[in-house]
Amino acid sequence: MVIVRLDRVPDLPLLVEARNRIVPSGMVWAVWPKGRKAFREDDIRNFGPTAGLVDVKVMSFSDELSGLKLVIPLAQR
């Protein structure tokens with residue numbers, strides 16, 4: 001498992017590096033600040049396939065951060 005914090009759109013390529021660090025059955029948790037209109041869950045979800053990841057779960061990581069669980073698609077494992 002890798003946890004990566006993303007704060008803005010230019011941070012999204014960090015998901016590619018995170019994907020390269022996990023085993024095929026592993027996961028990446030992307031966390032980002034809640035309540036921002038300039039950077040949202042959809043930004044991460046839409047970039048996921050570019051990084052070779054699909055989203056499977058969302059959570060409240062803390063009072064300040066949300067989290068999105070991303071995994072390698074089954075067909076690519």
Could you check Val56 against (1) modelled with pLDDT of 95 or more; (2) out of contact with any Leu (no Cβ under 9 Å at 6 or more places or on another chain); (3) not aromatic (Phe, Trp, Tyr) and say which number it fails?
(2)
Positions within region 55-77 being open to solvent by less than 50 Å² (accessible area, probe 1.4 Å) and part of a loop (DSSP other than H, G, I, E, B), in sequence order
Ser62, Ile72, Pro73
Residues that are outside any loop (DSSP other than H, G, I, E, B) and farther than 14 Å from Val71 by Cα, drawn from region 1-45
Arg5, Val9, Pro10, Asp11, Leu14, Val31, Trp32, Pro33, Glu41, Asp42, Asp43
Inside region 30-54, can you point out the residues that are open to solvent by 30 Å² or more (accessible area, probe 1.4 Å) and closer than 19 Å to Val2 by Cβ?
Glu41, Asp43, Arg45, Phe47, Pro49, Thr50, Val54
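The values are calculated or read from the model by the stated rules, or taken from the named source; none is laboratory data. Owing to the predicted nature of the structure, the values given are computational and were not obtained by experimental measurement. Positions of Cβ are generated from backbone atoms using ideal geometry, with glycine treated the same way; all protein chains shown enter the neighbour counts. Side chains are part of the model used for accessible areas, which takes the heavy atoms of the whole protein and leaves out ligands, DNA and RNA. Shrake-Rupley method; radii C 1.70, N 1.55, O 1.52, S 1.80 Å.
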